[in-house]
1. Checking the cross-link filter: which lysines have an alpha carbon closer than 30 Å to that of A:Lys246, excluding same-chain neighbours under 8 positions apart?
2. Which whole-number percent is the relative contact order of chain B (Cα, under 8 Å, 6+ apart)?
3. Could you name the lysines in cross-link range of B:Lys121, using Cα to Cα under 23 Å and dropping any fewer than eight places away on the same chain?
4. Gaussian network model of chain A, Cα springs within a sub-10 Å range: biggest mean-square fluctuation belongs to which of A:Phe56, A:Phe147, A:Phe83?
5. Under 5 Å between amide H atoms, partner at least 5 residues away or on a different chain: which partners does B:Asp55 have, H built in plane at 1.01 Å?
6. Provide the packing ranking of A:191-201, B:93-103, i.e. peptides ordered by the mean count of other C-beta atoms within 10 Å per residue, highest first.
7. Give a residue-ordered list of calculated ³J(HN,Hα) values for the stretch A:239-246 (Karplus: 6.51 cos²θ - 1.76 cosθ + 1.60, θ = phi - 60°; whole Hz; x for Gly, Pro).
8. From the phi of every residue in the stretch A:45-56, what ³J(HN,Hα) in whole Hz does the Karplus formula 6.51 cos²θ - 1.76 cosθ + 1.60 yield, where θ is phi - 60° and glycine or proline is x?
Amino acid sequence: MAARSGGTNKTGGAGGWPARRLLPWALPCVLIIVWQICAQRGWINPRILPSPVNVFKAFWRLLTNGELLANLKVSCARAGTGFLIGGSLGLVLGLGTATWRLLETVLDTTLQMIRTIPNLALLPLVIIWFGIGEKAKIFLIVCGVTFPIYLNTFHGIRSVDPNLITMARVYGLGRLRLWLDVILPGALPSILVGVRFSLGVMWMTLIVAETIAASSGLGYMATNAREMMQTDVIVLTILLYALLGKLADVVARALERRFLSWRAA
Amino acid sequence: MTDRILEGPAADGTAAGRVASDVAGSDRGEGDHGGAAVEARGLTKTYGDLTVLSDFSLELRAGEFSAVVGRSGCGKTTLLRHLACLESPGSGEVLVDGVVRTRLVGDTRIMFQEDRLLPWKTVLENVGLGLKGDWRRTALGALDDVGLGARGGDWPKVLSGGQRQRVALARALAHAPKFLLLDEPMGALDALTRIEMQALVERVWRDHGFTALLVTHDVAEAITLADRVILLEKGRIMRELVVDLPRPRRRGEKFAKMEGEVIEWIMSLYAGFI
């Protein structure tokens with residue numbers, strides 16, 4: 001009951017929620033308006049930085065000719081595949097090493113060493129191994145995404161209160177229920193921190209990989225545009241990256257709201 | 001958050017739920033009455049050079065309320081863990097209703113010093129932990145029993161310390177234990193909440209008739225609740241006091257005399273050091 005009234009307070013509170021929701025977007029809007037004014041007055045050379053209106057025109061052109069969506073799809077597929085593989089790998093490794101001491105002894109030192117290598121340092125090697133095909137990009141994303149999730153899963157499980165585990169034993173929870181009701185929920189806050197961090201790594205890796213070695217995708221679109229001096233397209237891709245990054249963050253936050261609501265109470 | 005609440009007691013009233021719960025309820029009925037006779041025979045436990053229990057024997061009659069008092073480090077908690085069969089002794093054995101036990105069984109439950117509620121489960125889900133069948137109904141009954149039936153949909157975080165400990169008691173009661181071990185469950189509560197909690201423990205013990213063993217270092221609490229107060233020192237029973245005051249017990253002359261006596265015993269243990 002208390003929780004429910006808390007929810008209604010939020011919507012009926014001082015200032016109202018629409019204002020609260022819109023306020024964060026005020027600064028980006030002002031920046032775009034100022035930028036447009038500067039461009040219109042001729043204070044900025046359009047070859048260096050095109051006006052927002054021109055960027056929007058480029059957006060419309062690429063949207064209507066299908067180029068944008070095709071590239072966006074390719075990029076998202078790479079990001080998603082890499083994240084799924086890397087995330088699962090990190091999760092399984094984290095669960096394994098946190099559960100079996102032997103596995104930890106065998107794996108942890110190695111994983112900690114590999115972890116310190118920036119995944120993008122592998123780029124030249126990866127191009128030799130895989131060329132510029134899909135595998136190269138996915139491999140790099142997997143390398144980047146695995147470790148944050150691994151570390152946070154391991155840490156999350158290890159920091160579950162042992163008193164709760166004893167309690168669960170006393171109250172007759174079997175192995176499966178112990179995992180589902182106690183260990184995983186206890187580790188989840190930490191795992192989600194790993195997920196959020198990984199999403200950031202995912203985009204960064206994808207952008208770099210696509211910019212340097214690709215024949216499709218958003219990064220390729222930007223590189224291609226550079227060769228033809230289409231600054232409007234370059235700016236457009238940068239803005240798209242910002243939006244996609246924000247989108248990933250929104251997803252991560254939604255996951256936290258859904259699964260960690262017990263912490264907010 | 002709202003959908004969590006909807007999952008709570010409100011969702012319980014379905015016809016299918018009731019049928020299932022009737023079956024579970026009749027199962028539970030017998031276990032709900034009476035306690036188990038518990039016996040420890042020659043329990044010995046050493047950790048390295050340290051002897052925590054030495055040839056410890058104790059008999060708890062069915063439905064009896066006993067309290068173990070003693071200084072910290074006297075082996076109280078170790079004894080409790082052994083009686084619950086959470087730990088196995090170096091030698092000796094624990095018998096419940098005349099049968100040797102080697103592992104914790106469903107008719108034995110522990111209430112800990114901390115509430116140990118799972119913060120990510122609602123109050124009702126916490127009480128229903130480890131229950132089979134229609135756990136909602138059983139859990140709700142136990143919550144009602146401790147006067148928190150309306151709080152089932154809340155997160156443990158929003159409750160006070162005393163309320164959380166009551167939820168922990170409900171969680172133990174939901175399993176209809178025949179043997180309930182209380183490991184200083186009131187130790188962390190403030191004085192007024194503690195009195196309230198003691199009255200609640202006494203009432204549910206009288207209602208359900210389980211065998212109870214309370215570990216505490218509060219002598220007044222032991223005398224308020226127990227039929228028998230046991231003084232533990234160096235892993236063995238030093239003294240025993242039968243408390244034959246009528247319940248519910250009020251502090252009076254006889255109460256004070258008994259309390260004084262037990263404190264005297266404890267002080268005599270220190271005599272060598274002071």
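Every number here is computed from the coordinates shown, using simple stated rules; none is lab data. Predicted model, so just to flag it, every value in this text is computed and none were measured. Note: ideal-geometry Cβ built from the backbone for every residue, glycine included; neighbour counts use all protein chains shown.
1. A:Lys10, A:Lys57, A:Lys73, A:Lys135, A:Lys137
2. On the way: 512 pairs, mean separation 69.1, N = 274.
Dividing the mean separation by the residue count of chain B yields 25 percent.
3. List returned: B:Lys132, B:Lys157.
4. Per the Cα network of chain A with a 10 Å cutoff, A:Phe56 tops the list.
5. Under 5 Å from the amide H of B:Asp55 lie the amide H atoms of B:Thr44, B:Lys45, each far enough along the sequence or on another chain.
6. Details: A:191-201: 20.7, B:93-103: 13.6.
Ranking, from highest mean packing down: A:191-201, B:93-103.
7. These are the phi-based 3J(HN,Hα) values: 5, 4, 4, 4, 5, 5, x, 4 Hz.
8. Listing the rounded values in order: 5, x, 6, 8, 9, x, 6, x, 4, 5, 4, 5 Hz.
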